[in-house]
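Encoded as structure tokens, the structure appears first; notes follow it.
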Amino acid sequence: MSEAQTWHATTILCVRKGDTVVIGGDGQVSLGQTVIKSSAKKIRHLADKSIIAGFAGATADAFTLFERLEAKLDKHPGQLTRACVELAKDWRMDRYLRRLEAMMIVADKNATLILSGNGDVLEPEDGIAAIGSGGNYALAAARALSDRDDLDAEAIVRKAMGIAADICVYTNHNLVVEALSA
């Protein structure tokens, strides 16, 4: 792969509204100006389906992080925030993990968190978070739609992701959407 070509790997959006949290992700993986895959699944359930997570970035790196997070969740069952903080510590301090190029959004019935390789574990104030190539487009659209009473969390995710896909060339309309209810 030449230095001029960069992997662009997704848009992930999480919306918490009422007693439901929904994460949606598109399916596009691009290398430079070429779509490598249009139906990648970047959302998965963790911890016996009590947590949903989505990733943006290199796929192998994300799978490594999912495995590490699962191990932290096994060590700290029912404590998503603590497990994420422990993962972030490892991610920042471990020489191998520091090279991983991915970000994650994870959510359970109580918390939504963004994790990065910088050691960040961030909880959005408004219950809306986005990462990836089209993350800012999806985030802006979701925030604009969030106060509409006629839209639930899933409808907001679907509409906002559609808007992001219409704007960002690294985001497509092949959505995977997963939800948790309290």
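Within region 100-124, residues that are closer than 25 Å to residue 146 by Cα and of a type in the set (Asp, Glu) reach partners that are part of a strand (DSSP E or B) and modelled with pLDDT of 90 or more with beta carbons closer than 6 Å, at six or more positions or on different chains, in the pairs 108/51; 123/113. Every condition in (1) closer than 14 Å to residue 22 by Cα; (2) free of Cβ contacts under 8 Å to residues at least 40 places away in the same chain; (3) surrounded by fewer than 23 Cβ atoms within 10 Å (Cβ to Cβ) is met by residue 78 except one, and the failing one is (1).
A Cβ distance below 8 Å, combined with a sequence gap of six or more or placement on separate chains, defines the contacts here; from region 158-182, residues that are over 13 Å from residue 140 (Cα atoms) reach residues that are among the basic types (Lys, Arg) and assigned to a strand (DSSP E or B) in the pairs 178/44.
Looking at 105, 156, just one residue is in contact with a helix residue (DSSP H, G or I) (Cβ under 7 Å, 6 or more places away or on another chain) and either crowded, with 16+ Cβ neighbours inside 10 Å or modelled with pLDDT of 95 or more (or both), and that residue is 156.
All conditions but one from (1) over 13 Å from the mean Cα position of the chain (by Cα); (2) farther than 19 Å from residue 21 by Cα; (3) not β-branched (Val, Ile, Thr) apply to residue 145; the one that does not is (2). Against the test of being among the hydrophobic types (A, V, I, L, M, F, W, C), under 17 Å from the mean Cα position of the chain (by Cα), more than 20 Å from residue 173 (Cα to Cα) and at pLDDT below 95, the options 56, 9, 83, 62 yield a single qualifying residue, 62.
Evaluation of residue 138 against the conditions (1) under 22 Å from residue 87 (Cβ atoms); (2) buried (at least 22 other Cβ atoms within 10 Å of the Cβ) shows that the sole unmet condition is (1).
For region 159-177, the tally of residues that are under 22 Å from residue 44 (Cβ atoms) and surrounded by 20 or more Cβ atoms within 10 Å (Cβ to Cβ) stands at 7.
The values are calculated or read from the model by the stated rules, or taken from the named source; none is laboratory data. Since this is a predicted model, take the numbers as computed values, not measurements. Please note: Cβ atoms are built from the backbone with ideal geometry, for glycine as well, and neighbour counts cover all protein chains shown.
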